[in-house]
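I'd like to ask some things about the structure below.
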Amino acid sequence: MSNTIVITGANRGIGLAMAKLWKARGERVIATCREPSRVLQELGVEVIDGIDVSREDGVINLRSGLGNTKVDMLFNNAGMMQNETVEQMDYNQIREQFEVNTLGPLRVTLGLLDHLHDGSKVGLMTSRMGSIADNTSGGRYGYRISKAGLNAAGKSLAHDLKPKGIAVAILHPGWVQTDMTGNSGNLTAEQAAANLIERMDELSLDNTGTFWHSDGSVLPW
């Protein structure tokens, strides 16, 4: 029996690759985005556009698009990265990244609680750049702050949703060749997507709340 999977930010990159792989596996994929790319439209999955995770009306649009659909897996993939340094600080950029990267996944997950059920799984796309212990280079203030915040939110969600039978994974994709990294990574989007799907398959109430690298190793907070 196929699962119903909702992916945010699925118009390109890792989200698009995950949609493609899950569809090939026979899952029912519902891809969400602000504006659908041509590649996503041609993929043959269900698409709900007009979804800006940084806005409450984006979640309202998503709930409306889903109707009474029950969701077996929610993967919060939508995110953004900008650059701030001590010499060039931009607090508005930091606020924007916090809205998208931290509050966005929290807003979507809580907004879809009525669609989730006992046995559902939630994936949060974070980054090892949100690890305080792993920070050896500084910089990227907004991205690091927003992903550290997402890690904290994910850990709390894992505790709070466990009584409902819902497991939460906090996942770093690796260094991936996407627009966000300037295509400079050592993994293709398809390779990262396959690893992330494997982690979601392994997710359970026994390991909920774990901060994983997509290769399966556990990352430091």
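Looking at (1) touching a residue at least 24 places away in the same chain (Cβ under 8 Å); (2) on the phi > 0 side of the Ramachandran plot; (3) out of contact with any Cys (no Cβ under 7 Å at 6 or more places or on another chain), which one does Gly9 not meet, given that it meets all the others?
Every listed condition holds for Gly9 apart from (3).
Output the residue which, of all residues in region 192-201 that are touching a residue at least 12 places away in the same chain (Cβ under 8 Å) and not basic (Lys, Arg), is surrounded by the fewest Cβ atoms within 10 Å (Cβ to Cβ).
The initial filter retains those residues of region 192-201 that are touching a residue at least 12 places away in the same chain (Cβ under 8 Å), namely 192-200.
Then keep just the ones that are not basic (Lys, Arg); that gives 192-198, 200.
On the way: Ala192: 25, Ala193: 25, Ala194: 15, Asn195: 20, Leu196: 26, Ile197: 21, Glu198: 13, Met200: 20.
Taking the candidates together, the pick is Glu198.
While we're on this one: Given region 35-145, what strands (runs of 3 or more DSSP E) lie entirely inside it while holding 3 or more residues that are loosely packed, with under 15 Cβ neighbours inside 10 Å, at pLDDT below 95 and hydrophobic (A, V, I, L, M, F, W, C)? First the steps, then the outcome.
Numbers: elements: 46-48, 73-76, 121-125.
Of the strands (runs of 3 or more DSSP E) lying wholly inside region 35-145, none has at least 3 residues that are loosely packed, with under 15 Cβ neighbours inside 10 Å, at pLDDT below 95 and hydrophobic (A, V, I, L, M, F, W, C).
Okay, next question. Which residue pairs have Cβ atoms closer than 7 Å, lie 6 or more positions apart in sequence or on different chains, and pair a first residue in region 15-27 that is over 17 Å from Met1 (Cα atoms) with a second residue that is of a type in the set (D, E, K, R) and surrounded by fewer than 18 Cβ atoms within 10 Å (Cβ to Cβ)?
Close Cβ pairs satisfying both conditions: Ala17/Glu190.
Please go through region 139-156 and give me each residue that is touching a residue at least 40 places away in the same chain (Cβ under 8 Å), over 14 Å from the mean Cα position of the chain (by Cα) and under 11 Å from Gly209 (Cβ atoms), ordered by number.
Lys155
Between residues in region 60-85 that are closer than 25 Å to Ile197 by Cβ and residues that are loosely packed, with under 14 Cβ neighbours inside 10 Å, which pairs lie under 7 Å by C-beta distance while being six or more apart or on different chains?
Lys70/His117
Of the residues that make up region 61-84, is at least one of a type in the set (Phe, Trp, Tyr) and over 18 Å from Leu103 (Cβ atoms)? Steps first, answer last, please.
Let us first name the residues in region 61-84 that are of a type in the set (Phe, Trp, Tyr), namely 75.
In the following step, the residues that additionally are over 18 Å from Leu103 (Cβ atoms) were identified as none.
No, region 61-84 contains no residue that is of a type in the set (Phe, Trp, Tyr) and over 18 Å from Leu103 (Cβ atoms).
Only one residue in Glu84, Glu99 is among the charged types (D, E, K, R), more than 25 Å from Glu46 (Cβ to Cβ) and out of contact with any helix residue (DSSP H, G or I) (no Cβ under 8 Å at 6 or more places or on another chain). Which one? Don't jump to the end; show me each part of the working.
Details: Glu84 fails: out of contact with any helix residue (DSSP H, G or I) (no Cβ under 8 Å at 6 or more places or on another chain).
Just one listed residue meets the conditions, Glu99.
Do any residues in region 203-221 that are over 19 Å from Gln191 (Cα atoms) and without any contact (Cβ under 8 Å) to a residue 40 or more places away in the chain have Cβ atoms under 9 Å from those of residues that are in a strand (DSSP E or B) and small (Gly, Ala, Ser), where the two are at least six apart or on different chains, and which pairs are they?
Ser204/Ala167; Asp206/Ala167
The values are calculated or read from the model by the stated rules, or taken from the named source; none is laboratory data. As the structure is a computational prediction, the values presented were derived from the model and not from experiment. Positions of Cβ are generated from backbone atoms using ideal geometry, with glycine treated the same way; all protein chains shown enter the neighbour counts.
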